[in-house]
Amino acid sequence: MTSEQIAEALDLTAKLMELHGENPFKVKALSSAAYRIDKSGIELDGKTREELEKIEGIGKGIAAKIEELNITGTTQELAALLEKTPSGVIEMLGIKGIGPKKVAQLWKELEVETPGELLYACKENRLVELKGFGAKTQAAIVKSIEFSMANKGKFHYATVEPYAIALVEFVKKQIGSDLVSLTGEIRRKGIIIDEIELLVGAESISMDGFDNPLNIPVAVTVCSPEEYYGALFSSTATPAHLKQLEHLNLVIPTNAKSEEDIYASVKLPYIQPELREGRGEILLAQHNTLPELIDVSDLKGILHCHSTWSDGFHSLEVMATTCKEMGYQYFGICDHSKSAFYAEGLKEDRVMQQHAEIDTLNTKLGSFKILKGIESDILYDGSLDYEEDVLKSFDFIVASVHSVLKMDKEKATQRLITAIENPFTTILGHPTGRLLLSREGYPIDYKKVIDACSANGVAIELNAHPYRLDIDWTWIPYCMEKNVMISINPDSHEKDSMTDVKWGTIAARKGMLTKEFCLNAFSLQEFTSWLQRKKR
Ligand SMILES: [Zn+2]
Ligand SMILES: [Zn+2]
C-alpha cells in the first residue's frame, strides 16, 4: 500500500473508533500516526515490523497494523468497525465541520443515517437545539453537504432553476436575440436534473463571465435561427413522446415558425413542455382533452406548516400573518404530535393551549383563518398519535410516518391503510418518506394506498419541499381517476419556505393536476365545507 492509503486507513480506523466511543488514547495515537505518515510521505511498503517500530510516532501497536495493511489491504479491526457502521454514517464522517463524536450524536439521537437525511434535518432546524450544535454549525453543515451533492452530478430542480433562468438571460443579452431556451429535462421540469441543456439560435456563444458557483454542467447546442423551433421541439421531448408523434406521421419541418405550428401540422393542440413525456398526453391531445394545468396562483390556502410550538423556527403568529400577507385565505398549522419527541411534539395539554392561541389570533385576523391541524405520527401499527377526544378537537389531521422507516412493502402499505381508514385522518402526509437524491423512502403499493384514500375520502399530500415532492407526480393521474384530492403542502418550518408550494405545483403540473383536484385550491369556505362533509 502507498503511505497515503495507509494513512487513510489508519485515519478511518481512528474516526470509527471515536464514533463508537472507544478508548480516546488509542484514537489519538492512531490519528496522529496517520497525520505523520501522510505529512512525511515516508515509504512504508516492504518494511519489516521492526523497521516500522523505529520510525518516530509509530509504536508497536501501529507497526503491527501497518504490517497487516501491507499484507491484507485492511485490518481485522477496521473490517469489524466498518461492519457495524451503516455506509451513510461513514459518508457523514466526510462532512466538513463535524467530527466523529458529533456524527455519533446525530446518528444516535436524531436517527440520521445519511448525509441527505442530515441535510433535511438541518432544513427542519433540528440541529439548532441539539447539544453542542447550534444555528452556525447547522448552516455550515448545509453548505458542506450541498456542495458535495452538487459534485455528485445530480441536482434538485429547485437548486438548478435560478441558474438556468439566469443563464438564459445571460445568453439573450449576449446575442441580442430571444432565440434562447432551456431544453431537454430541465425544460420538461424534471424533479432531478443532471445538466442545464440550452438551445441557442445563433452562430456561437461564450460562457465567459457566467457565474456558475455550483458547477452545474451546461450543455449548449447552437443552431441557425431558421432551425431553432424544430430543434427546440425535438430536444425538449422524450424519445417516447417523439416516437408516438412519428406514428402520426409527424415530420419536423426544418424551418418551423413555432412549436404550435409543428403540433398543428399533425392536427394537435400545443402540448406544454412539462407534459412531453410520452405518458398519455398525445392521446389526450388527439381527443382535445388535455387538462388545464394547475398554477401556483390557483392556491388559496397553505396547509401543513410547523411553528415554535414544535420544531419550527417562527411563531404561529408570524407564520400565519406571513401566510395572510402572501394573499392566502387560510393557514393550517400542523405541528408535530406527541410521539415525535425529537421535534418537541405536542402533548395533550399543549394541544389545548395551542388551540386557545389560535382562537385568540383568529379574532385578530379578519376573514383570514388559522385552522387547527396536527401532523400526527402514524405509529408502528398504523394508529394515530392521540386518543379520540383529542383527535376530535382538530379541524383536520395530516397523518405521516416519521419513525421505523425500514419496512417491507406489505407492512408499510398496511400501516398506511390503517391510518387512512382512521376516521380522523384528513390528509396522508408525504406517503413514502422519500428524500430525493438521498433516501429512497419505504416501498408502498401505490394503487392500494390510493384506493384506500378514495374509499375513505382522504386527500393525499404532494409535499412541496423540493427534496421530497412526495407523492410522486406519476401517480397523480391515478389519484384523479379515483377522485382523490391532492394537497400541495410546503411543510414549512420557517416563514420564508411557504413559497415552496411553487415546487410542488411544478411537480403537480407534470402529473396533469387541475385546480379542481387540488384541496388547497379550495377557497376557505369550500375547504371548510369539504372538511364538514368528510367529518360526517
Ligand atoms: Zn412530516
Ligand atoms: Zn411536517
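Every number in this text was worked out from the coordinates using simple rules, so none of it is lab data. From a predicted model like this one, the values you see are computed outputs, not experimental measurements. Cβ sites come from the backbone with ideal geometry, for glycine too, and all protein chains shown count toward neighbours.
Please order Phe147, Phe341, Phe522, Phe331 by the number of other Cβ within 10 Å, starting at the fewest. It would help to have the intermediate numbers written out before the result.
On the way: Phe147 14, Phe341 10, Phe522 22, Phe331 26.
By the 10 Å Cβ count, ascending: Phe341, Phe147, Phe522, Phe331.
Between the stretch 1-77 and the stretch 364-415, the alpha-carbon centres lie 51 Å apart.
Charged side chains reduced to their Cβ positions (Lys and Arg at +1, Asp and Glu at -1) give the stretch 367-407 a dipole of some 240 debye around its Cα centre.
Quick one: dipole size for the chain, taken about the Cα centre, charges +1 on Lys/Arg Cβ and -1 on Asp/Glu Cβ, in debye to the nearest 20.
Working: 60 positive and 79 negative charges, 133 e Å.
Result for the chain is approximately 640 debye, rounded to the nearest 20.
Give me the distance between the Cα centres of the stretch 486-520 and the stretch 181-239, rounded to whole Å. Here the answer is 27 Å between Cα centres. Take every Cα-Cα pair in the chain and report what % of them are more than 46 Å apart. More than 46 Å apart: 27 percent of the Cα pairs in the chain. At q = 0.15, 0.17 Å⁻¹ the log10 of I(q)/I(0) for the stretch 183-338 amounts to -0.91, -0.99, computed by Debye summation with a single uniform scatterer per C-alpha, solvent ignored.
The residue list Ile302, Val103, Ala166 was ranked by how far each Cα lies along the charge dipole of the chain toward its positive end, using unit charges on Cβ atoms, and Ile302 comes out on top.
If you sort the three axes of the alpha carbon gyration tensor as a ≥ b ≥ c, you get a/c of 1.5 or more for the stretch 208-256 and a/b no higher than b/c, which makes it oblate. Taking 0.36 nm per residue of sequence separation and removing the Cα-Cα distance, the Lys447/Lys84 pair yields an extension gain of 127.0 nm.
For a straight C-alpha distance cut-off of 16 angstrom, the aspartates and glutamates reachable from Lys364 (same-chain residues fewer than eight places away being disregarded) are Glu317, Glu325.
Let me confirm the definition first: pairs of Lys residues in the stretch 54-122, 8 or more apart or on different chains, C-alpha distance under 19 Å. How many are there? Intermediate values should be presented prior to the final figure.
On the way: Lys54/Lys65; Lys84/Lys101; Lys84/Lys102; Lys84/Lys108.
Lysine pair count for the stretch 54-122: 4.
Taking max minus min of the alpha-carbon positions on each principal axis, the stretch 303-416 gives extents of 47, 28, 22 Å, largest first. Label point of Lys172 set 7 angstrom out along Cα-Cβ; within the stretch 184-198, amide nitrogens under 20 Å from it belong to 184-189, 196-198.
Express in % the proportion of alpha carbon pairs of the stretch 124-257 at distances exceeding 22 Å. It works out to 50 percent of all Cα pairs.
Modelled label positions at Lys143 and Lys60, each set 7 Å beyond Cα in the direction of Cβ, lie 4.7 nm from each other. With no solvent and one point per C-alpha, what does the Debye sum give as log10 I(q)/I(0) for the stretch 247-328 at q = 0.11, 0.15, 0.16, 0.23 Å⁻¹? Those come out to -0.55, -0.68, -0.71, -1.10, one per q.
Considering every pair of different Cα atoms, what Kirkwood radius, in Å, is found for the stretch 406-536?
Working: mean 1/r = 0.0673 Å⁻¹.
This gives a value of 14.9 Å.
Could you give the length gained on full extension between Lys152 and Ile71, defined as 0.36 nm per residue of separation minus the Cα-Cα distance, in nm?
Details: separation 81, 0.36 × 81 = 29.16 nm, distance 3.29 nm.
In short, 25.9 nm is gained.
For the stretch 169-212, the pair-distance distribution built from all alpha carbon pairs, in bins 10 Å wide starting at 0, is 26, 50, 23, 0 percent.
Dipole check for the stretch 242-392: with +1 at the C-beta of Lys and Arg, -1 at the C-beta of Asp and Glu, and the Cα centre as origin, the magnitude is about 540 Debye. Pairs of lysine in the stretch 206-333 with Cα under 25 Å and at least 8 positions apart or on different chains: total? Summing the qualifying lysine pairs gives 4. Here the alpha carbons of the stretch 132-193 define both size measures, Rg and Dmax, at 15.9, 54 Å. Stretched out straight at 0.36 nm per residue, the stretch from Ile252 to Glu357 would grow longer than its current Cα-Cα span by 31.6 nm.
Projected label points at Ile205 and Glu516, each 7 Å from Cα along the beta carbon direction, are separated by 4.0 nanometres. Once every DSSP H run of n ≥ 4 in the chain is given -39500 (n - 2.57) and the sum is divided by its residues, what mean residue ellipticity at 222 nm do you get, rounded to the nearest 500 deg cm²/dmol? Rounded to the nearest 500, the figure is -13500 deg cm²/dmol. Once all Cα-Cα distances of the stretch 55-151 are split into 10 Å bins that start at 0, what whole-number percent is in each one? Going out from 0 Å in 10 Å bins, the stretch 55-151 shows 14, 39, 22, 19, 5 percent.
Is the C-alpha gyration tensor of the stretch 366-407 telling us rounded, prolate or oblate? Criteria: a/c under 1.5 is rounded; beyond that, a/b larger than b/c is prolate, otherwise oblate.
Working: a/c = 5.25, a/b = 1.99, b/c = 2.64.
Note, shape of the stretch 366-407 comes out oblate.
For the stretch 498-536, list residues with backbone N below 15 Å from a point placed 7 Å from the Cα of Lys392 toward its Cβ? Residues 535-536 fall inside that zone. Between rounded, prolate and oblate, where does the stretch 322-365 land on the alpha carbon gyration tensor, with a ≥ b ≥ c its root eigenvalues, rounded for a/c under 1.5, else prolate if a/b exceeds b/c? Because a/c hits 1.5 or more and a/b fails to exceed b/c, the stretch 322-365 counts as oblate.
When the chain is described by a simple charge dipole with +1 on each Lys and Arg Cβ and -1 on each Asp and Glu Cβ, the residue from Leu199, Leu346, Asn125 located farthest towards its positive end is Leu346.
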